[in-house]
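So the structure is just underneath, and the comments pick up after that.
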Amino acid sequence: MNSDIQIKQGFGDIKFDMPIEEVVAILGEPNEVETIESAGDETTTVLRYTDKMTLFFEGDSPTLTCIDIVDEKTTLFGKNIFDMGEKEIVKLMVDNQYFEQDVDNEDWGERRVTFGEGNIDFYFEDDELISAIIGQ
């Protein structure tokens, strides 16, 4: 599987709105499956693939809505983002017409850079990218 992020579309062969069965057919069985119940009878199914990604499925017939990527081979716009620091990633996003950004220092110590128009968050620890979270 290729490891390229496509903004608002998916990651490699994995596309948003895919059902769990299709994703498992591509990636194989996950290392861990978790079901999270929320207050409004909403259910989120989480599939964890160690050292690669965590996928979140929501809805009555659960479909993929969010991916938390930690795979060090991940590319975005042809560049390996896990080889880049915060300034380089911000430049990459701006060079590709994603300008609006929000930066926050999380309570647990990570720094989050969000590009809302691309529905993508980058999490850094000591200027090292540790996670990219993408959504529809």
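Taking the condition out of contact with any strand residue (DSSP E or B) (no Cβ under 9 Å at 6 or more places or on another chain), within 12 Å of Phe122 (Cα to Cα) and surrounded by fewer than 17 Cβ atoms within 10 Å (Cβ to Cβ), does Lys87 pass? When the stated conditions are applied, Lys87 passes them.
Given the criteria hydrophobic (A, V, I, L, M, F, W, C), surrounded by 13 or more Cβ atoms within 10 Å (Cβ to Cβ), closer than 27 Å to Val33 by Cβ and touching a residue at least 24 places away in the same chain (Cβ under 8 Å), does Phe122 qualify? Yes.
Here Thr74 clears all of (1) open to solvent by 30 Å² or more (accessible area, probe 1.4 Å); (2) closer than 14 Å to Ser131 by Cβ except the condition numbered (1). Out of the residues in the range 28-42 that are without any contact (Cβ under 8 Å) to a residue 12 or more places away in the chain and of a type in the set (A, V, I, L, M), state the one that is farthest from Ile130 (Cα to Cα). Filtering the range 28-42 for residues that are without any contact (Cβ under 8 Å) to a residue 12 or more places away in the chain and of a type in the set (A, V, I, L, M), the one farthest from Ile130 (Cα to Cα) comes out as Ala39. Just a yes or no: is a residue in the range 63-70 under 18 Å from Asp4 (Cα atoms), of a type in the set (Asp, Glu) and within 17 Å of the chain's Cα centre (by Cα)? Among the residues of the range 63-70, at least one is under 18 Å from Asp4 (Cα atoms), of a type in the set (Asp, Glu) and within 17 Å of the chain's Cα centre (by Cα), which makes the answer yes. On the given criteria, is Thr114 at pLDDT below 95 and either in contact with an Asp or Glu (Cβ under 9 Å, 6 or more places away or on another chain) or loosely packed, with under 12 Cβ neighbours inside 10 Å (or both)? Considered against the rule, which asks whether it is at pLDDT below 95 and either in contact with an Asp or Glu (Cβ under 9 Å, 6 or more places away or on another chain) or loosely packed, with under 12 Cβ neighbours inside 10 Å (or both), Thr114 comes out as no. Just one residue in the set Ile81, Ile36, Ile130 is surrounded by 15 or more Cβ atoms within 10 Å (Cβ to Cβ) and of a type outside the set (Ser, Thr, Tyr); that residue is Ile81. Scanning the range 90-109 for residues that are open to solvent by 80 Å² or more (accessible area, probe 1.4 Å) and either in contact with a Pro (Cβ under 9 Å, 6 or more places away or on another chain) or of a type in the set (Phe, Trp, Tyr) (or both) yields a count of 2. Within the range 43-68, residues that are open to solvent by 50 Å² or more (accessible area, probe 1.4 Å) have Cβ atoms under 7 Å from residues that are among the aliphatic types (A, V, I, L, M) in these pairs: Asp51/Val70; Lys52/Val70; Phe56/Val46, counting only partners at least 6 apart in sequence or on another chain.
The values are calculated or read from the model by the stated rules, or taken from the named source; none is laboratory data. A quick note: this is a predicted structure, and the numbers were derived from the prediction, not measured. Note that we place each Cβ from the backbone using ideal geometry, even for glycine, and neighbour counts take in every protein chain shown. Calculation scope for accessible area: heavy atoms of the full protein, side chains included, ligands and nucleic acids excluded. Shrake-Rupley method; radii C 1.70, N 1.55, O 1.52, S 1.80 Å.
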